[in-house]
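Comments concern the structure below.
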Amino acid sequence: MPSILVVGAGVVGLTTAVELKSFYGDSVDVTIISKDLPGDDSVFYTSPKAGAHWISSNTKENKDWHLTTYKKLKELADIPESFVKPYPLYMGDIVPEGKEVPPFEEPWFKDVVEDYEFLGTDPKFQQVHNLYRLKSYTISTTFYLVYLLSQARKLGVNIQRHTIASLSDAEEYMLPSGSNPDIVVNCTGLQYNFLKDCHDPLLKPVRGHVLLIENNLPYQVTFEQPYLSTEDKEGEFLMLFPRPEGGSVLGGIYDRNFTPFDTSIGRAYVERLCKKASKHLPELDGELTIAKHTIGFRPERDGGARIEQDSEHYKIVHNYGNGNSGYIESWGCAASLVKLIDGLLFTRAKL
């Protein structure tokens, strides 16, 4: 029986393993190894630290990955234990008084998502323009990762906590069957550049900092800031989305200029964020109650995620580098990877 080893148990690795086993069933043996597993909270285990919800933009690469995942999240929303829930999502631009409203660009997905409607403005969102609404989904990350892990186990995927120093170690890893893998799927994310025989100059960390608050709203928002104030840091914006179990995630920032892997709480940023939320989301009512600060590092890759066979190691295929879109692209990337592996492994096996 052909065997596939998936390295990494973030959202991309777990989704990949589930998709591989769902597609090929008992004709392939799938094993996941990872030093971090759902429930862990190490600095470089990115997936539990995400928001997360479905969103996209006209600048995104590989929009088919986004659409594939949108359709899958719709299915998962009918499964309570997945902790995926539909909410209206409002998107727009915060435009201070006296500033010009940027030209509106219709989103690429307006005809393929549900309940899309252009609003322009809405009295409940002060100083927000180019406003539109659609049906989207929020994901409670830790619960969702546990759900994916449980689905993998139900399908017969082997799960093993194991740390590797290089992808060469993964090629020689002894599987439960007593053999080495035929294919190694690299889903190590940002940690790919920590392996001793690997370096991707296009892969860079982007710091994020979100708040888990007890306050709640019956909808999500993502408001860009085309005009930053003198106090704002480059990459700041306003997002809020409720969690299925209660409370909301409030953010955010794409911080590309930070002290390497600094996890300290930026009090000035938190103060600005809470002030913006109170101003532009008055329905929050009253003082925000912060339950937790979450700081993580997104695996951003120039040009988008890497899904390809390694040019030097024919047994290795890559699936990493989604940046802030790991949850948004995960099912689409997994589907693309299955097609790639089918050509590399199963075609060869038939010869």
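The values are calculated or read from the model by the stated rules, or taken from the named source; none is laboratory data. What you see is a predicted model, and the numbers here were worked out from it, not measured in a lab. In this analysis, Cβ positions are derived from the backbone assuming ideal geometry, glycine residues included, and neighbour counts consider all displayed protein chains. Only protein heavy atoms, including side chains, enter the accessible area calculation; ligands, DNA and RNA are left aside. Shrake-Rupley method; radii C 1.70, N 1.55, O 1.52, S 1.80 Å.
Residues that are in a strand (DSSP E or B), open to solvent by 30 Å² or more (accessible area, probe 1.4 Å), closer than 18 Å to Asn58 by Cα and touching a residue at least 24 places away in the same chain (Cβ under 8 Å) are absent from the range 102-117. For the range 197-233, a tally of residues being open to solvent by 20 Å² or more (accessible area, probe 1.4 Å) and either of a type in the set (Val, Ile, Thr) or outside any loop (DSSP other than H, G, I, E, B) (or both) returns 6. Could you say whether any residue in the range 41-48 is acidic (Asp, Glu), modelled with pLDDT of 95 or more and either open to solvent by 10 Å² or more (accessible area, probe 1.4 Å) or in contact with a His (Cβ under 6 Å, 6 or more places away or on another chain) (or both)? No.
Every condition in (1) more than 17 Å from the chain's Cα centre (by Cα); (2) surrounded by fewer than 17 Cβ atoms within 10 Å (Cβ to Cβ); (3) of a type in the set (Gly, Ala, Ser) is met by Ser34 except one, and the failing one is (2). Considering Tyr137, Tyr147, the condition of being open to solvent by 10 Å² or more (accessible area, probe 1.4 Å) and within 22 Å of the chain's Cα centre (by Cα) is satisfied by Tyr147 alone. If you check Gly252, Gly296, Gly286 for being crowded, with 20+ Cβ neighbours inside 10 Å and modelled with pLDDT under 95, only one passes: Gly252.
Would you please name the residue that is farthest from the chain's Cα centre (by Cα), looking only at residues in the range 220-233 that are of a type in the set (D, E, K, R) and at pLDDT below 95? Step through it out loud before you land on a result.
So in the range 220-233, the residues of a type in the set (D, E, K, R) come out as 224, 231-233.
Applying the additional criterion that residues be at pLDDT below 95 yields 231-233.
Details: Glu231: 28, Asp232: 25, Lys233: 23 Å.
Taking the candidates together, the pick is Glu231.
Is it true that some residue in the range 53-75 is at pLDDT 95 or above and at positive phi? Scanning the range 53-75 turns up no residue that is at pLDDT 95 or above and at positive phi. Scanning the range 167-190 for any residue that is within 30 Å of Thr289 (Cβ to Cβ) and of a type in the set (Phe, Trp, Tyr) turns up nothing. Across the range 56-73, the qualifying residues are those that are within 21 Å of Gln220 (Cα to Cα) and touching an Asp or Glu at 6+ places or on another chain (Cβ under 8 Å), and the one among them that is surrounded by the most Cβ atoms within 10 Å (Cβ to Cβ) is Thr69.
Of the residues screened, Ala52 is one that is of a type in the set (A, V, I, L, M) and buried (at least 20 other Cβ atoms within 10 Å of the Cβ). Within the range 78-87, is even one residue within 17 Å of Asn324 (Cβ to Cβ) and either open to solvent by less than 20 Å² (accessible area, probe 1.4 Å) or part of a loop (DSSP other than H, G, I, E, B) (or both)? Scanning the range 78-87, I find no residue that is within 17 Å of Asn324 (Cβ to Cβ) and either open to solvent by less than 20 Å² (accessible area, probe 1.4 Å) or part of a loop (DSSP other than H, G, I, E, B) (or both), so the answer is no.
One residue stands out in the range 255-283 among those that are part of a helix (DSSP H, G or I) and without any contact (Cβ under 8 Å) to a residue 12 or more places away in the chain: the one that is surrounded by the most Cβ atoms within 10 Å (Cβ to Cβ), namely Ser278.
Residues in the range 249-276 that are more than 22 Å from Val43 (Cα to Cα) and touching a Leu at 6+ places or on another chain (Cβ under 6 Å): Cys274, Lys276.
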